[in-house]
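First the structure, in the form of structure tokens, and then the observations on it.
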Amino acid sequence: MNEKIEIRSNLKESGVYCIVGGGPAGLSMARSLKSKGIPFHVFERHSDVGGIWDIDNPGSPMYESAHFISSKYLSNYADFPMPDDYPDYPSNRQILAYHRAFAKEYDLYKHIRFNTSVRSVEKNGSQWSVALDNGETALYDGVICASGITWSPNVPKFPGQDTFKGEILHSVKYKELSLFRGKRVLVVGAGNSGCDIACDAGVAADRAFISVRRGYYFIPKHILGIPADVFGDGAHWIPNWFSQWVFGIILKFLVGDLTKLGLPAPDHKIFETHPILNDQLIHNLRHGDVIAKGDIARLEGEYVEFQDGSKEKIDLIVVATGYHWSIPYMNETYFEWKNGRPELYLTLFNRNHENLYALGYMETDGGAYKMFDEMANLISSYIKAKRSGDVSAEKFERLIRSDRPLLNGGIKYLNTGRHSVYVNQVAYKKYRSKLQKKMGWPELKAGQFESLKKRNEFAKADRLAGTNA
């Protein structure tokens, strides 16, 4: 990096906020605080921004064939659209370049210290003591955890695993399809990553299988030639129960009966689980390049036995079974954990500890980055109100402690750990907007970040130089 990183280290400096993580959530939070004149430092353990989108970032779950599962039209940062020459669903390399362009455009690099891990965060009176891996310790007025949810792999244990002669690895270790050549491969899990990896195995492996425990709805990435999320975005005015009925019919028409391909029938309505946006797996199943199997019963020697009694000789099992959510640099007592998820007001505000926030610790049914911007704006608006002594801060503090809104939009999400903090984007936006209006905190508006752009700072410097000449 050519940018000069200037972060003062003052153990007793007040008024500064600490952001942990230089991925998408951290960058969104940094721009929001900067726009309101709130000083902050960002600590990023890797050598550059981008978080999980940097395949070279140790522990990143990224793989070479990964693409965005939401379209570029609804998944960009506010005031910063993705380039026109990007495809509807950009590659991981394009998304990484987009994040880095964002950080440069808004001159965020100078606020970030790279190659620096946060070792621990502890309460210290009314402030927070942040200890770094280089031995430094600093006090901050508040901490925003934005380090992400896909860094601690969930690795299941199978009956008979000790006898298995093949290899088992979590999908976080998978990077590119040459790993599969000459092997019989089983992918466990039909989330978006599992489906992608099974398709790579279908191309490269001698034989490829996917083990699916429950049925899901597979949504094509395009509907009538339109990206699926753009198509659905135009129907937000329709009640969710009606959308479930309509889209259920559309999928039956577009995708057909997937039980004919060996996949189990869904045991829930559409939208009651995180959407699987994938056309390619269906294509591979229909052409026999990937074979669908049920849940695993046990492993034995060279074989995997499934619940239906069938067996397959397998050389490599890739478990695409998700991640444990964690905030490893903080004692877990600082957060209230339910079903493996931190219970936070609006998924952002710690109910028990002042000035402790989290951004990105939720899952939703649409593009995240615009939502991150709106969430970051809510956090920074609250911080600004507290700093100025505005009465709205006290009102909001009471809501943090007592308000427990339902943000599911009337959809009954499955009772799983993953869906315990799942929010319906439309319901969330409506509730958040109502709160901000009640507090007198403005919504984001087009062009409000224009003054932060680095080129504007250069223009200002040129004007000053001309004045002083």
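The values are calculated or read from the model by the stated rules, or taken from the named source; none is laboratory data. Please read these numbers as outputs of a predicted model, since none were measured by experiment. When we count neighbours, we look across all protein chains shown, and the Cβ atoms used for this are built from the backbone with ideal geometry, even at glycine. Ligands, DNA and RNA are excluded from the accessible area calculation, which covers all protein heavy atoms including side chains. Shrake-Rupley method; radii C 1.70, N 1.55, O 1.52, S 1.80 Å.
Residues checked against (1) in contact with a strand residue (DSSP E or B) (Cβ under 9 Å, 6 or more places away or on another chain); (2) in the same structural domain as Val130 (by the TED database):
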residue: Lys269; (1), (2): no, no
residue: Thr333; (1), (2): no, yes
residue: Pro342; (1), (2): yes, yes
residue: Asn350; (1), (2): yes, yes
residue: Leu356; (1), (2): yes, yes
residue: Tyr361; (1), (2): yes, yes
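Among the conditions (1) open to solvent by 10 Å² or more (accessible area, probe 1.4 Å); (2) touching a residue at least 12 places away in the same chain (Cβ under 8 Å); (3) not acidic (Asp, Glu), Pro81 misses just one, which is (2). Among the residues of region 131-169, those that are assigned to a loop (DSSP other than H, G, I, E, B), touching a helix residue (DSSP H, G or I) at 6+ places or on another chain (Cβ under 8 Å) and at pLDDT 95 or above comprise Ala146, Ser147. Put simply, of Ser70, Ser129, Ser32, Ser120 the only residue that is open to solvent by less than 40 Å² (accessible area, probe 1.4 Å), within 30 Å of Pro220 (Cα to Cα) and small (Gly, Ala, Ser) is Ser70. Does Gly50 count as touching a residue at least 60 places away in the same chain (Cβ under 8 Å), of a type in the set (Gly, Ala, Ser) and at positive phi? Considered against the rule, which asks whether it is touching a residue at least 60 places away in the same chain (Cβ under 8 Å), of a type in the set (Gly, Ala, Ser) and at positive phi, Gly50 comes out as no.
A single entry from Gly26, Gly22, Gly37 fulfils the requirement of being modelled with pLDDT of 95 or more and either touching a Leu at 6+ places or on another chain (Cβ under 8 Å) or not in a loop (DSSP other than H, G, I, E, B) (or both): Gly26. Of all residues in region 291-340, those satisfying the criterion of being in contact (Cβ under 8 Å) with a residue 60 or more places away in the chain, polar (S, T, N, Q) and over 19 Å from Leu169 (Cβ atoms) are Ser326, Asn331, Asn339. The single condition from (1) open to solvent by less than 40 Å² (accessible area, probe 1.4 Å); (2) in a loop (DSSP other than H, G, I, E, B); (3) in contact with a Phe, Trp or Tyr (Cβ under 7 Å, 6 or more places away or on another chain) that Lys175 fails is (1).
So that you can scan it fast, the table gives a plain yes or no per residue for (1) surrounded by 19 or more Cβ atoms within 10 Å (Cβ to Cβ); (2) under 25 Å from Ser193 (Cα atoms); (3) within 18 Å of the chain's Cα centre (by Cα):
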| position | (1), (2), (3) |
| --- | --- |
| Gly322 | yes, yes, yes |
| Pro328 | no, yes, yes |
| Phe335 | yes, no, no |
| Pro342 | yes, yes, yes |
| Thr347 | yes, yes, yes |
| Arg351 | no, no, no |
| Ala358 | yes, yes, yes |
| Met362 | yes, yes, yes |
| Asp365 | yes, yes, yes |
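Out of the residues in region 297-314 meeting the condition of being closer than 20 Å to Cys199 by Cβ and part of a strand (DSSP E or B), tell me which one is nearest to the chain's Cα centre (by Cα). Once the filter is applied, the top-ranked residue is Val304. You will find that of Gly202, Gly288, Gly191, the residue that is under 30 Å from Phe164 (Cα atoms) and without any contact (Cβ under 8 Å) to a residue 60 or more places away in the chain is Gly288 and no other. For region 191-209, the candidate set comprises residues that are closer than 11 Å to Val290 by Cβ and aliphatic (A, V, I, L, M); within that set, the residue that is most open to solvent (accessible area, probe 1.4 Å) is Val203. Leu169 fulfils the conditions (1) farther than 30 Å from Leu27 by Cβ; (2) free of Cβ contacts under 8 Å to residues at least 40 places away in the same chain except for a single criterion, (2).
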